[in-house]
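One structure is given here, and the rest of the page talks about it.
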Amino acid sequence: MCLRLVCMSTSQAIYAGWMEITHSAVVDQAHHRAEEAALAALVDQYAGALYRVAFSVLRNPADAEDAVQETFLRVLRHRDTLNEVRDQRVWLIRIVWNIVLDRKRRAKTRPETDDVAELARVLPANGLSAEARAAAAQHHARVLACVEQLPPKEREVLQLSAFEELSSVEIAEVLGITESSVRSRLFRARNLMAGLLNHERSLR
Amino acid sequence: MNTNSHNSVVGYGASHQELRQTEESLRLIASLPAPEGLERRVHEALRSAPQRGRVLAWPAASAHGWMQDWMRSAAAAAIVFVVAGGGWGVYSRVQQGQRAKVIAMPAPAVTSGGFSSAGAMRTPQTLNGPVLTHPEQPKTQKKIPAHAGVTPGANGKTPMQAPPAQVLGRAAASR
């Protein structure tokens, strides 16, 4: 009788344990699915914006796409903390910005991809003739070459300010500086750019 | 280059035309559309990414918090006990092994071959002894018979006439 009781209690315990596993597994799975759905929504919403940020620095479509993929892989690793992020858009731009800068630093030995033909290929046609497109590409390549000559701090602010969806507060958040620093760097960057373009024009 | 007032170019001292050119170029680059199928490729990359390892739930753990805490405490105590016991075992063995503090080295075995002294004996180098200042006394003196033929010396004196000290001194000098 006693043995039977022990057997009963053991089986009940095992059964209870099994039920517990099943229940926790179901909860886990549901949580996992919710995380995946949230991540998929982030990809659909922000992949394009992140690509443009990456391309503005790297100027290479393949590298920019790689940077976007790496960004979301990092997000996948930290998806537990996704709900704690206040502004997901700025958070994602900050991640891709750091990835892009790191890639650019490492790829300094590689040849620059800023050649005019590549730029002419990616620029929108807008009904222009082939000659006009080539001239426009040449002009933009010159301006972008001057941007590359700026000091890094000023250049970064200038590049980020080109995105209409980013305010100066958000730029400050991406770069980890104050808003007043953003303004002063932008002012310096514009003055330097004016000087560089003037000098470039006088050489022509 | 931004529609925001704080990012506007107007009001800055730089040349307006140059800044407009910069704006146009940067904005053009910033507004380039993403390539077709970017989202799909990102989704695929996320799907093929290695999934994070998940910790299995302990089967015996129940939903009650106190039970989990109790079992965790028991497991932690068991781990501490095992680690401390193992450490104590090692420590006690090391204490026993430290009894013999003097290590007896075996006598070096004489091996055949190698170099030998070939019977040579070492003689220590001695220092120079004290120098004798007084002349040594001769142990035996030649007795000259009184009747022996006298042959005069170079100075016209017979050896008997010469003082003995002179003879001794000459003998010492000749030695």
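Please treat every number below as a calculation from the coordinates, not as lab data. Here the structure is a predicted model, which is why all the values come from computation and not from measurement. Because the Cβ atoms are built from the backbone with ideal geometry, glycine has one as well, and the counts that use them run over all protein chains shown.
Looking at region A:29-68, I'd like the Rg to Rh ratio, where Rg is from alpha-carbon atoms and Rh is Kirkwood's inverse mean 1/r. It would help to have the intermediate numbers written out before the result.
Details: Rg = 13.1 Å, Rh = 11.0 Å.
Ratio of gyration radius to Kirkwood radius: 1.18.
Going by neighbour counts of Cβ atoms within 10 Å, the residues A:Ile93, B:Ile79 line up, fewest first, as B:Ile79, A:Ile93. For region A:28-110, the relative contact order is 34 percent, taking Cα pairs closer than 8 Å that sit 6 or more residues apart in sequence and dividing their mean separation by the residue count. Sorting A:Val100, A:Val68 by the number of Cβ atoms found within 10 Å of their own Cβ, with the fewest placed first, yields A:Val100, A:Val68. Got a sec? Which residues in region B:29-45 would a label at A:Ala62 touch, if it sits 7 Å along Cα→Cβ and we count backbone N under 16 Å? Zone members listed by number: B:35.
Per residue of peptide A:52-58, the mean number of Cβ atoms on other chains within 10 Å of the residue Cβ is 3. Arranged from fewest to most other beta-carbon atoms within 10 Å of their beta carbon, A:Ser180, A:Ser161, B:Ser117, A:Ser167 become B:Ser117, A:Ser180, A:Ser167, A:Ser161.
Under the simplified labelling scheme, the B:Tyr91-A:Glu148 pair shows an inter-label distance of 6.6 nm, with each label point 7 Å from Cα along Cα→Cβ.
For the peptides A:51-62, B:24-35, residues were scored by their other Cβ atoms within 10 Å and the scores averaged per peptide; the highest-first order is A:51-62, B:24-35.
Across the residues of B:35-46, average count of Cβ atoms on other protein chains within 10 Å?
Numbers: counts 8, 0, 1, 10, 10, 2, 5, 14, 6, 1, 9, 9.
Per-residue shielding by partner chains comes out at 6.
Pairwise alpha-carbon distances in region A:28-110 exceed 16 Å for 50% of all pairs.
With a cut-off of 13 Å between beta carbons, the residues surrounding A:Trp97 carry a summed charge of +3, where Lys and Arg count +1 and Asp and Glu -1.
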